[in-house]
Amino acid sequence: DAGITQSPRHKVTETGTPVTLRCHQTENHRYMYWYRQDPGHGLRLIHYSYGVKDTDKGEVSDGYSVSRSKTEDFLLTLESATSSQTSVYFCAIADLLYRGESGANVLTFGAGSRLTVL
Amino acid sequence: DQQVKQNSPSLSVQEGRISILNCDYTNSMFDYFLWYKKYPAEGPTFLISISSIKDKNEDGRFTVFLNKSAKHLSLHIVPSQPGDSAVYFCAATDAGNMLTFGGGTRLMVKP
């Protein structure tokens, strides 16, 4: 997966418990993203980072926080998991040096983390 | 409200025929458009993209068409192959850094 690893790949947890998903990259890319995939909604951006300690909210950030203390790691935390956060979570990376012919950033995605909140 | 929509959740095509996947958008500020392909249990992978200054971009069997006035783009796959069976996501951006995705279309190519 082009040097991007997500962990854990599968997790089952109970409502109210904290959960942290980890994204690790070996590409030294500047941008990192967390998306969630749900039926009918496609991929929705949760949070993103444009550098160490530089993060911002995406479309569906409520209930999630992120941290990026090193270039290679981007953590997504659910402080108190709810059943509505049952989803598949994808991390993605991008670099300004690599843009598609169109000029837009081409995201490289990890394999995903499936989270089930009971 | 979804700014990028893929109104067909699924599409079934015979091998060798053309597959046409459609995508509509509402944000007139979008000026870059991309298609991603996703197999089960894998992350999406980049397929093809187009800038708003073009109306067509071709890469092998894949062609993307953009109609800015209609805020519509389409992905054509010719000829379709069973290995093309996957979920296809349309995405758009207005600054190149953050993508807004559609809901996806599941393509099934029958042998």
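The values are calculated or read from the model by the stated rules, or taken from the named source; none is laboratory data. Computed from a prediction, not measured in an experiment: that's the story for all the values here. Counting neighbours? That spans all protein chains shown, and the Cβs are built from the backbone with ideal geometry, glycine included. Each accessible area value is taken on the protein alone, full model and side chains, heavy atoms only, with ligands, DNA and RNA left out. Shrake-Rupley method; radii C 1.70, N 1.55, O 1.52, S 1.80 Å.
Side notes on the structure shown:
- Filter result (within 14 Å of chain A (Cβ to nearest Cβ), surrounded by 14 or more Cβ atoms within 10 Å (Cβ to Cβ), under 20 Å from B:Arg17 (Cα atoms) and among the charged types (D, E, K, R)) within the range B:57-111: B:Arg106
- Criterion (without any contact (Cβ under 8 Å) to a residue 60 or more places away in the chain, within 14 Å of chain B (Cβ to nearest Cβ) and more than 22 Å from B:Cys90 (Cα to Cα)) met by exactly one of A:Thr20, A:Thr77, A:Thr55, A:Thr86: A:Thr55
- Inclusion of A:Ser49 among residues that are at negative phi, of a type outside the set (Asp, Glu) and assigned to a loop (DSSP other than H, G, I, E, B) is not warranted.
- In the range B:14-24, the qualifying residues are those that are surrounded by fewer than 20 Cβ atoms within 10 Å (Cβ to Cβ) and not polar (S, T, N, Q), and the one that is nearest to the other protein chains (Cβ to nearest Cβ) is B:Asp24.
- Hits in the range A:89-118 - residues which are more than 9 Å from chain B (Cβ to nearest Cβ), open to solvent by 50 Å² or more (accessible area, probe 1.4 Å) and at pLDDT below 95: A:Leu97, A:Tyr98
- Whichever residue in the range A:1-20 is buried (at least 16 other Cβ atoms within 10 Å of the Cβ) and within 17 Å of A:Leu118 (Cα to Cα) and, among such residues, is farthest from the chain's Cα centre (by Cα): A:Thr13
- A search for C-beta distances below 9 Å between a residue of the range B:84-111 that is at pLDDT 95 or above and any residue that is surrounded by fewer than 18 Cβ atoms within 10 Å (Cβ to Cβ) and of a type in the set (Phe, Trp, Tyr), counting only pairs 6+ apart in sequence or on different chains, returns B:Ser85/B:Tyr39; B:Ala86/B:Tyr39; B:Val87/B:Tyr39.
- Residue under evaluation B:Met29, criteria (1) open to solvent by 70 Å² or more (accessible area, probe 1.4 Å); (2) in contact with a strand residue (DSSP E or B) (Cβ under 6 Å, 6 or more places away or on another chain); (3) more than 24 Å from B:Lys110 (Cα to Cα), criterion not met: (2)
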